[in-house]
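Working notes, structure below.
The numbers here are math on the coordinates, done by the rules we state, and not lab data. Treat the numbers as computed from the prediction; the structure is a model and nothing was measured. FYI the Cβ positions are ideal-geometry reconstructions off the backbone, even for glycines, and counts take in every protein chain you see.
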Amino acid sequence: MKKFVAFLSVVGLAAFAWAGTGKEDSIARLQKSAEVLTAIAHAPDKGIPDEVLSHAKCIAIVPNLVKGGFVFGGKHGRGVATCRTADGWSAPAFISVGGGSWGLQIGVEGVDLVMLIMNDKGMQQLLSSKFQISGEGSAAAGPVGRHASAGTDWKLDTQMLTYSRSKGAFAGLTMEGAVIQQDSDSTTAIYGKDIAFKSILLGKVPTPEVAKAFEQSVSSAAHRAAAEEGKKK
């Protein structure tokens, strides 16, 4: 009996330690995501154009998305997403990105990924809590620079525009086939329970104190982009 009690104690301590680590990891992801968005949005020559950022309905950020392979490829990362609401931006919803790809690929790369959801169809995909990037119009590499070229079709049917900041060398970088879904473990670590993805992104859940800095960075980036776009009109 004593051995059984001791076993339960060890299991309990392990679970407590995991919960603590999970929360710390999730907080670190919020901080890193804020840094990534700020860096990419403010890059002078190859950042996200003001016109694009100011029109985005949702923003998803995955710091250090790892992609690699030899002929067969794979991708995996964890990040956060937020959507515009009537009161600003929603509390962050935690996401994971995974999936495989096929092509001539050699190497491993870690990239900071920013995904901008540009229309209602794309937003509905994100709100579903799990969807796969595939098919024409579902995702495209976003235009870069302080101004979006008049010749681009980012205002038309593209649901998602993707931006990345590379940390290594890799051939065959693509988001085709990637699956984006809710990260329930991180959601529980930050919110105390597994809250529905849709409820968070629709602004029905208050922003936790540990996520206030992230929310502020998103608001600042979007506000700055809108202000800069207004100056050009």
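Pop a pseudo-label 7 angstrom from the Cα along the beta-carbon direction at both residue 141 and residue 57 and give the gap in nm to one decimal.
2.6
Take residue 38 and residue 134, extend 7 Å from each Cα along the Cα→Cβ direction, and tell me the distance between the two endpoints in nm.
3.9
Too long at a 32 Å Cα-Cα cut-off: which of 193/231; 32/198; 121/204?
193/231
For a paramagnetic label modelled at 7 Å from the Cα of residue 124 toward its Cβ, which residues of the range 82-99 fall within the zone defined by backbone nitrogen distances under 18 Å?
So the set is 84.
Treat the count of other C-beta atoms within 10 Å as a stand-in for reagent exposure and order 123, 115, 160 from fewest to most.
Exposure proxy ranking, most exposed first: 123, 160, 115.
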